[in-house]
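Please treat every number below as a calculation from the coordinates, not as lab data. Computed from a predicted structure; not experimentally measured. Every residue, glycine as well, gets a Cβ built from its backbone with ideal geometry; the counts of neighbours run over all protein chains shown.
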Amino acid sequence: MESKIEQTLIRYLTNTASQEDLRSLSDWIEKPSNKQELESFIKDYYTITYSINNPNTNLALQNLLTSIDKRKRLRHIQKRRLFSRYAAAILVILILIVDFQYGNYIFNSASTSSKQIKVGTDKATLTLEDGSEIQLGAKEIFQKSGYLTNGTLIEYLTDTKDSKESKEIAYHYLTVPRGGKFSIILSDGTKVWLNSDSRLKYPTQFKAGNSREVELEYGEAYFDVSSATKHEGASFIVYNSDQKVEVLGTEFNIKAYNDDADVLTTLVVGKIKLKVEEIEQVLEPGQQAKYDVNNNRIITKSIDIYNETSWKEGIFSFDNKSLLEITKVLSRWYDVEFNFLNENVRQEKFVGILSKNQDIDQILLQIKNLGIINNYKIEKNEIAIE
């Protein structure tokens, strides 16, 4: 490894990197040829510093966990406002550290019960206009009339002739269960990422010149909307419950789970307009609208976009979230149920960035080692927290 890059990595890992450091490091990390060199550096860095390979160094283990947590907290405090583009890209280092240093070593003694709980994967159910269902997943790769799937994504093909003809619109439903995720490219080129326990209703083809309308019946979805200029000015509209989100071409996230009191809409790029009955609210990038369903009002605030959208990149990003909020997220991804033996623990706060590819036992042990919970017990698909 070049001395300059090595020094930059060390500055990043010790939270002393400048904006220029982050820029150059981000460019270096994005090159696939540097992956092996990066992993080797991280392994050597922590092996030398903490002697993690010695099974008897319990103190070293605790130091490692504490050090990683401190770095996470410091990076969150910075909010990445000055150099979020680069810092967010480099967060992959944290994931590599977790997987490399204690993802494979510390947790190799995970309980038998936890191994029965599977990490979420690509799976969904496609419901056709006649009500028939097709199961989608990693092993389901095929092409049918009008659409195809590669196991992680379903893509609808644009039929220019049919889209201009006046005929009845056919609707499909894409349902992602707990413990799943899936993506879809609509016929207009808009891409949608669906999180666990989510359902999207959409037409197989959009009528040329008409507004492009879909409905997020429940759950969470990230939309990368194809520009209206490519579709004769047709706006893109997402319905959810009483809320209507209208855009011309943008990226945004909607979180609307049935067990949540609020619907959260986060704008990443562009501009969107929310409408609930007679209430209208325009969002700018970096803003989030909270629709209070019970009181029928919209509250807007500026937020850290990464925390709201990292799920589609395979990362849990929790910024001062309560354990109750965190277990809701975990229960959907791992398809488990949580039971709090100590009610006070529900409101304990956690700051951290975790890989969604880890076993549930790994996630919980990290939270336990930070002193947020006293213990936990896994039995089948139920987890008791105390």
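Below are the figures for this structure:
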quantity	calculated
Sequence ranges 187-197, 295-305, ranked by mean other-Cβ count within 10 angstrom, highest first	187-197, 295-305
Residue-wise HN-Hα coupling along segment 168-184, computed from phi with Karplus coefficients 6.51, -1.76, 1.60 (Hz; x: Gly, Pro)	4, 7, 9, 10, 10, 10, 10, 10, 9, x, 4, x, x, 7, 6, 10, 9
Neighbourhood charge, 10 Å Cβ-Cβ cut-off, centred on residue 314 and excluding it, Lys, Arg +1 and Asp, Glu -1	+2
Cα gyration tensor category, rounded, prolate or oblate, for segment 276-319 with a/c compared to 1.5	prolate
Calculated from backbone phi, Karplus (6.51, -1.76, 1.60) coupling profile of segment 282-287 in Hz, x at Gly/Pro	9, 10, 9, x, x, 9
Shape category assigned to segment 147-295 from the gyration tensor of Cα positions, a/c cut at 1.5	oblate
Dipole moment magnitude, nearest 20 debye, segment 278-386 about Cα centre, only Lys, Arg, Asp, Glu C-beta charged	140
Order by protection proxy (mean Cβ within 10 Å, highest first), peptides 276-288, 307-319	307-319, 276-288
Summed residue charge, Cβ within 12 Å of residue 377's Cβ, Lys/Arg positive, Asp/Glu negative	-2
In Hz, Karplus ³J(HN,Hα) per residue of segment 352-363 (6.51, -1.76, 1.60; θ = phi - 60°; x = Gly, Pro)	x, 10, 10, 7, 6, 8, 7, 5, 4, 5, 5, 4
Rounded, prolate or oblate (a/c below 1.5 giving rounded, otherwise prolate when a/b exceeds b/c) for segment 314-385 by Cα gyration tensor	rounded
Sequence-distant residues sharing a close amide H with residue 120 (under 5 Å, placed H)	none
Amide H contacts of residue 205 (H built 1.01 Å from N, under 5 Å, at least 5 apart or other chain)	170
Over 25 Å between alpha carbons, listed pairs 273/328; 244/271; 191/321	273/328; 191/321
Under 20 Å from the Cα of residue 207 - aspartates and glutamates, other chains or at least 8 residues apart	129, 155, 159, 162, 165, 168, 188, 215, 224, 232, 246
